[in-house]
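The values are calculated or read from the model by the stated rules, or taken from the named source; none is laboratory data. What you see is a predicted model; the values in this text were computed from it and never measured. Cβ placement follows ideal geometry from the backbone for every residue including glycine, while neighbour counts extend to all protein chains displayed.
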Amino acid sequence: MSNEASEISYDRLFNMEGTPGDFGKVRVTFIAGDQVLDVIEKPYGGSISYEELPKVITEGNEVAFLDDSDLENIRQNIVIRVNFEKMVTTIASEEPFPVLLVSGNFLKDSSIAYEKYDAAKENAENPYECVDKYIFRIKSEHTPDEKDYTVRVLADDYKDWYSAALEENGKIVPVKTEWDGRYMVFAMNGDGTFYIVRSRYHYLPYIIAGIVAFLLLLGVFIVKKLKKVPQK
């Protein structure tokens with residue numbers, strides 16, 4: 001009688017007479033702290049979809065995320081831990097006086113990097129012209145699902161007739177922009193690209209005001225001259 005062991009495939013072993021019925025199942029256990037949230041059974045080689053993941057209750061500004069695990073083609077029992085981390089609401093670029101502040105929901109390890117480009121050759125919706133283009137990226141171990149931001153950009157080089165703008169359907173369109181001290185403030189979502197634009201005719205109010213002032217002065221001068229004309 002030979003004592004040598006021989007290899008055998010899982011499928012062959014599973015189909016052998018006398019193999020226990022639950023031999024073909026794997027268990028995935030989800031744990032948060034010392035609490036078992038859920039145990040999911042799957043056939044050997046099965047997968048767990050996003051919809052099947054246990055619902056996790058968080059408190060305040062916490063966010064929950066799972067250990068990195070492959071939940072497709074599962075071939076052994078595994079334990080997955082649910083981790084909790086506090087969120088921060090605003091992150092800033094690294095200058096002593098930040099050029100960009102972005103408000104949203106971020107993990108505490110998040111940071112922001114950006115590039116600024118001359119956008120004079122870009123075409124904005126009339127009557128605006130592009131000045132600068134910014135592209136920022138949120139750097140984090142876990143990228144936030146939500147990308148709705150409130151952005152503050154340092155506006156020391158911009159005037160009150162400047163505005164933030166976003167690309168919509170291939171067009172660069174100004175958005176509602178407010179001023180908060182030295183910053184322009186606006187809301188956006190998406191990939192982190194925005195523009196600074198200005199009106200092509202921003203000088204018109206000054207020209208009109210100058211013409212009105214000139215006409216008023218001219219009127220005053222004429223009235224004074226008329227008063228000085230001797231009566232016959």
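Summary table below
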{"item": "Looking only at segment 165-194, and only at residues there that are assigned to a loop (DSSP other than H, G, I, E, B) and not β-branched (Val, Ile, Thr), the one that is nearest to Phe136 (Cα to Cα)", "result": "Gly192"}
{"item": "Options Tyr134, Tyr158, Tyr162, Tyr128; residue that is closer than 27 Å to Val88 by Cβ and either among the aromatic types (Phe, Trp, Tyr) or exposed (fewer than 15 other Cβ atoms within 10 Å of the Cβ) (or both)", "result": "Tyr134"}
{"item": "Output for segment 61-90, where each listed residue is in contact (Cβ under 8 Å) with a residue 12 or more places away in the chain and assigned to a loop (DSSP other than H, G, I, E, B)", "result": "Asn61, Asp67, Leu71, Glu72, Asn73, Arg75, Gln76, Asn77"}
{"item": "Whichever residue in segment 170-185 is surrounded by fewer than 18 Cβ atoms within 10 Å (Cβ to Cβ) and of a type in the set (A, V, I, L, M, F, W, C) and, among such residues, is farthest from Ala155 (Cα to Cα)", "result": "Val173"}
{"item": "Subset tally (residues that are among the polar types (S, T, N, Q) and modelled with pLDDT under 90) for segment 127-170", "result": "3"}
{"item": "Single condition Lys108 does not satisfy, out of (1) surrounded by 13 or more Cβ atoms within 10 Å (Cβ to Cβ); (2) out of contact with any Pro (no Cβ under 9 Å at 6 or more places or on another chain); (3) over 20 Å from Tyr183 (Cβ atoms)", "result": "(1)"}
{"item": "Of residues in segment 91-104 being crowded, with 16+ Cβ neighbours inside 10 Å and not in a loop (DSSP other than H, G, I, E, B), the one modelled with the lowest pLDDT", "result": "Gly104"}
{"item": "Those residues of segment 157-201 which are under 21 Å from the mean Cα position of the chain (by Cα) and on the phi > 0 side of the Ramachandran plot, in sequence order", "result": "Asn169, Gly170, Gly190, Gly192"}
{"item": "Count of residues meeting criterion [touching a residue at least 24 places away in the same chain (Cβ under 8 Å) and over 16 Å from Val82 (Cα atoms)] in segment 23-59", "result": "7"}
